[in-house]
């Protein structure tokens with residue numbers, strides 16, 4: 001009975017309740033992380049997790065948050081169907097609501113024996129005795145049996161790599177050579193009934209899994225991941241940039257609003273003070289006028305009252321009455337002769353129309369979001385350079401220019417160094433000049449590093465840093481050597497000089513610069529490949545060398561058709577492209593130095609650069625001619 005108590009304590013709550021609805025399982029299904037949920041609960045979770053995704057490919061487990069890929073092939077099922085495609089957890093279905101798990105074979109014999117294990121192949125609970133016989137019985141020897149204490153292993157979904165998910169979990173048996181896919185027996189009869197070339201899966205194993213193919217596949221997947229991660233990083237940076245813009249604008253708008261309020265308050269105070277002053281002065285003038293009139297009135301009333309008594313007094317002498325009359329008449333006449341001016345002051349106030357417009361302003365600023373949805377091609381094909389066609393995309397000449405270096409910018413435009421014109425030129429691939437950057441000295445080579453463009457200036461031994469967006473000079477960096485060609489990889493920068501290669505491992509600290517002796521001279525072309533090895537060309541010795549950064553020579557290349565190599569570059573696979581300045585051609589080498597092809601008919605090429613994530617490149621020369629090419633599979 002102790003065993004039953006332990007079993008009840010360990011299993012009952014954990015395996016009978018769905019962690020989403022916290023109720024007893026209803027049609028439990030299992031995920032790859034071993035967690036199980038009611039089918040309906042899981043479906044609701046999937047829909048909420050995928051509602052904001054374009055072409056959702058999976059969802060996080062509701063419990064452990066591990067990513068769970070969508071069942072089937074990509075876009076094979078709609079999101080609403082996903083939950084139904086995960087396998088039923090028959091173990092949880094069996095034990096849900098059951099206090100004690102009983103051995104199924106024993107129950108068939110009318111006995112109630114507590115189960116100790118579970119057969120995943122039979123989906124049956126077994127007691128200790130039945131487990132022993134189950135493992136001994138020949139048809140069941142390969143069955144997977146787990147102890148009930150290991151219920152998480154019981155819930156784990158088995159590997160479905162050899163299972164055809166399209167046809168009810170049948171096992172893959174054959175391989176269709178036409179479509180290059182594995183097939184079950186139903187696939188052969190239904191989907192491939194017109195195909196005739198089949199073989200056993202074991203027969204194609206070696207040809208598909210040979211080390212070189214696996215390496216190429218893994219390399220391609222790694223590059224794909226890096227590209228996607230780069231996009232994610234840029235979009236996250238975009239999110240942070242939006243936050244920065246919002247914070248900056250919020251502060252700016254707040255400052256503007258505060259300044260407007262303060263300015264209006266100041267004007268209000270000035271106008272009220274002006275009104276108060278004007279009212280005081282006007283009232284003072286009016287009061288002065290009133291006082292003047294009142295004084296004359298009082299004067300008149302005083303004499304009128306005094307003299308009128310004498311005139312109306314019958315007992316007064318005639319002489320007094322005559323004198324009073326004359327006095328009153330004289331006063332009256334004199335008062336009438338005084339100048340009388342009626343003062344009328346009207347204070348006019350009017351709110352300016354501009355102020356009224358301020359009240360009616362619909363907004364304080366323009367706020368909008370400009371979306372640029374660029375199609376990203378993550379599937380740049382690996383070109384067979386031996387047989388590929390070289391297509392001329394465009395060709396143009398910048399008159400009077402001597403182009404020694406250039407790059408593709410992220411916009412697809414070209415940024416060129418004009419030696420004779422002492423300038424850098426931004427143009428499109430048709431040669432239309434968009435902008436020029438005037439320089440004090442003649443530039444030579446160009447390389448892009450993040451948001452900065454590096455331009456070498458041999459005459460004054462410096463490197464210019466130019467902002468790739470604004471095309472403004474950010475900094476002048478002393479190189480300590482005659483800087484001709486330049487290339488960077490990570491924290492390492494290499495510069496080709498007239499007789500050596502200078503290596504900067506951390507920034508452009510001249511004191512930490514180290515010299516790599518190559519035994520060559522006039523190195524007008526240097527590049528670092530994707531394995532951090534150095535390729536350099538010698539103009540006068542007609543030689544190209546590949547070295548590691550310790551100076552060990554990996555290979556040396558020369559050819560009778562390579563005269564005066566001038567400019568070198570690599571593609572994303574490490575293949576090497578070398579300009580033959582006098583031989584008027586481009587030599588294409590594999591990463592290990594084997595000649596793949598010579599592209600003839602390129603006049604005096606001085607530089608060659610590839611556009612990122614494409615098979616497009618451009619070549620230029622010292623007469624200002626620029627040609628854009630693209631490799632296409634034949």
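Residues in the stretch 49-91, backbone N under 20 Å from the label point at residue 242 (7 Å along the Cα-to-beta-carbon vector): list them, ranges by number please. Under 20 Å, as judged by backbone N against the label point of residue 242, lie 49-56 of the stretch 49-91.
Distance from the C-alpha centroid of the stretch 498-566 to that of the stretch 378-432: 23 Å, rounded to the whole angstrom.
Dividing the summed -39500 (n - 2.57) terms of all DSSP H runs of n ≥ 4 by the residue count of the chain sets its mean residue ellipticity at 222 nm at -10500 deg cm²/dmol.
If R0 is taken as 41 Å, the Cβ-Cβ distance between residue 368 and residue 449 corresponds to a FRET efficiency of 0.80. Note on residue 280 and residue 305: their simple-model spin labels are 3.6 nm apart, each label 7 Å out from Cα toward Cβ.
Each peptide in 461-473, 29-41, 228-240, 84-96 receives the mean, over its residues, of other Cβ atoms within 10 Å, and ordering these scores from highest gives 29-41, 84-96, 461-473, 228-240.
If you wrap the tightest convex hull around every Cα atom of the chain and split its volume per residue, you get 415 Å³.
Note on 128, 630: ascending count of other Cβ atoms within 10 Å places them as 128, 630, the fewest first. When you restrict to C-alpha pairs under 8 Å that are six or more residues apart and normalise by the size of the stretch 46-109, the relative contact order lands at 23 percent.
Taking other C-beta atoms within 10 Å as the exposure proxy, 199, 18, 61 rank 199, 61, 18 from fewest upward. In degrees, nearest 10, range 0 to 90: what is the angle between the Cα axis of helix 2-16 and the longest Cα principal axis of the chain? Helix 2-16 sits at roughly 50 degrees to that axis.
When a/c is below 1.5 the answer is rounded, else prolate if a/b is larger than b/c, else oblate, so apply that to the stretch 7-117 with a ≥ b ≥ c taken from the square roots of the Cα gyration tensor eigenvalues. It comes out prolate by the Cα gyration axes. Across all Cα pairs in the stretch 389-632, the calculated P(r) in 5 Å bins from zero up to the longest distance comes to 1, 7, 15, 20, 21, 18, 12, 5, 1, 0 percent per bin. Pairs of Cα atoms nearer than 8 Å and 6+ residues apart set the relative contact order; for the chain it is 7 percent. The modelled label-to-label distance for the pair residue 532/residue 64, using points 7 Å beyond Cα in the direction of Cβ, is 3.5 nm. Between residue 392 and residue 261, the simple spin-label model (points 7 angstrom out along Cα→Cβ) gives 6.8 nm. In percent, what relative contact order does the stretch 228-359 have, based on Cα pairs under 8 Å that are 6 or more apart in sequence? Across the stretch 228-359, relative contact order equals 24 percent. Multiplying the residue separation of residue 582 and residue 235 by 0.36 nm and removing their Cα-Cα distance gives an extension gain of 120.3 nm.
The rule of thumb for compact globular proteins, 2.2 N^0.38 Å, goes into the C-alpha radius of gyration of the stretch 228-359 2.66 times.
Compared with the direct C-alpha span, the chain from residue 55 to residue 345 gains 96.5 nm at full extension, assuming 0.36 nm per residue.
At an R0 of 25 angstrom, the distance between the Cβ atoms of residue 491 and residue 410 translates into a FRET efficiency of 0.70. I'd like the orientation of helix 211-312 relative to the chain: the angle between its Cα long axis and the longest Cα principal axis, in ° from 0 to 90, rounded to 10. Value to nearest ten degrees: 10. Compute the helix-to-body angle for 39-50: its Cα long axis versus the longest principal axis of the chain, expressed 0 to 90° and rounded to tens. For helix 39-50, the angle is close to 60 degrees. Look at where the Cα atoms of the stretch 95-135 and of the stretch 317-336 average out, and the two centres are 146 Å apart. Distance from a point 7 Å along Cα→Cβ of residue 460 to each backbone N in the stretch 475-510: keep the residues under 19 Å and list them by number. Of the residues in the stretch 475-510, 475-485, 508-510 have backbone N under 19 Å from the label point off residue 460.
A short reminder: the numbers here are calculations on the coordinates, not readings from a lab. Just so we're clear, the structure is a prediction, and the values are computed from it rather than from any experiment. Please note: Cβ atoms are built from the backbone with ideal geometry, for glycine as well, and neighbour counts cover all protein chains shown.
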